1. Could you tell me which numbered condition Gln244 fails, if it satisfies all but one of (1) buried (at least 23 other Cβ atoms within 10 Å of the Cβ); (2) out of contact with any Asp or Glu (no Cβ under 7 Å at 6 or more places or on another chain); (3) modelled with pLDDT of 95 or more?
2. Identify the residue in the range 283-293 that is surrounded by 19 or more Cβ atoms within 10 Å (Cβ to Cβ), under 15 Å from the mean Cα position of the chain (by Cα) and at pLDDT below 85 and, among all such residues, is nearest to Gly252 (Cα to Cα).
3. Looking at the range 26-76, what helices (runs of 4 or more DSSP H) fall wholly within it and have at least 3 residues that are of a type in the set (A, V, I, L, M) and under 14 Å from Leu114 (Cα atoms)?
4. Residues that are under 21 Å from Gly64 (Cα atoms), touching a Gly at 6+ places or on another chain (Cβ under 9 Å), among the aliphatic types (A, V, I, L, M) and modelled with pLDDT of 95 or more: does the range 91-107 have at least one?
5. Which is in contact with a helix residue (DSSP H, G or I) (Cβ under 6 Å, 6 or more places away or on another chain), at pLDDT 95 or above and β-branched (Val, Ile, Thr), of Val110, Val87, Val123, Val56?
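The values are calculated or read from the model by the stated rules, or taken from the named source; none is laboratory data. Computed from a predicted structure; not experimentally measured. Methodologically, a virtual Cβ is constructed for each residue, glycine included, from the backbone with ideal geometry; neighbour enumeration extends over all protein chains shown.
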Amino acid sequence: MRRALYAPGTGFFVGHGHPAEHFRTSAHASPLFPGAIAELLVRVDAALGHPAKLDVVDVGAGRGELLVALAYAVPAELRDRLRLTAVELADRPVPVPPDIDWRNSLPEPVTGLLLATEWLDNVPLDLAALDGAGVARYQLTDGSLGRPVSRADAAWLARWWPLEPGHVAEIGRPRDEAWRRAVGTVRHGLALCVDYGHVAGQRPALGTLTGYRGGRQLPPVPDGSCDLTAHVAVDALGGTLIRQREALRALGVSGRRPPLRLATEDPAGYVRALAAAGDAAELTDPAGLGGHYWILEPVGLDSVL
């Protein structure tokens, strides 16, 4: 999985393709999403007492789309104080503005907002299943079972995803450790993870690992030709969990249709409002993007959501 996604020059995320051509995230779906993040950033800025420099770090920044949109969405006064950083293994895209720092490792210390939007679902992990004797073993790419899981992975499974015969678990320990490293860079502010996920009692019996290419779901063949993604065991990450639907509504995003009278009073305004309502409906749909989990970890702050 690591080679397929991140091998230099050939990995899906670091090759010459554009991942946004293959799948759709909240950041790609509508300007309403960066607008909501901008509102969240305004609240973080106020809680921090309006520091001279306010960090926004996007981990797994893709092609920088969210940071660029966020820079336009925040108030002008705040824009002048932003220090924007993209953390991404792929090379810097040419269109990204020069005032966005592009790096392949986490910066520190961070004062402001650290974002990880659909990053952890692409952090490589192992699969495990029980053999006939009830021993947890790693599942190989051909579906067969390999060596027994390590002591650390066995402990993670026992706590977060106890295996049953015939079931397949996705060992989320690498995601937990990656998230803890990211949160550890925040000196003062908020760390926010947004991703597909599940919690104890709702783990899928056969796991969620799958592939995407050209907007279509396909078998997760680890050859670098497709995205490989697995939902996140979000309750193992710590922090406060909230669904995207509720989070966006708390930040002012609503799928409510505009009043019909606006169609006669301001036809163009009605069309714009109707389009925004459609975008909001997609972002808050509980069966789609609205079903994402938001994991919030304030550092030295009270709740801002």
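1. (3) is the only condition that Gln244 fails.
2. The selected residue is Leu283.
3. It comes to 32-47, 65-73.
4. yes
5. Within the list Val110, Val87, Val123, Val56, the selection yields Val123.
Conditions tested, residue by residue: (1) touching a helix residue (DSSP H, G or I) at 6+ places or on another chain (Cβ under 7 Å); (2) surrounded by 14 or more Cβ atoms within 10 Å (Cβ to Cβ); (3) of a type in the set (S, T, N, Q); (4) modelled with pLDDT under 90.
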site	(1), (2), (3), (4)
Arg203	no, yes, no, no
Thr210	no, yes, yes, no
Arg213	no, yes, no, yes
Thr264	no, no, yes, yes
Ile295	yes, yes, no, no
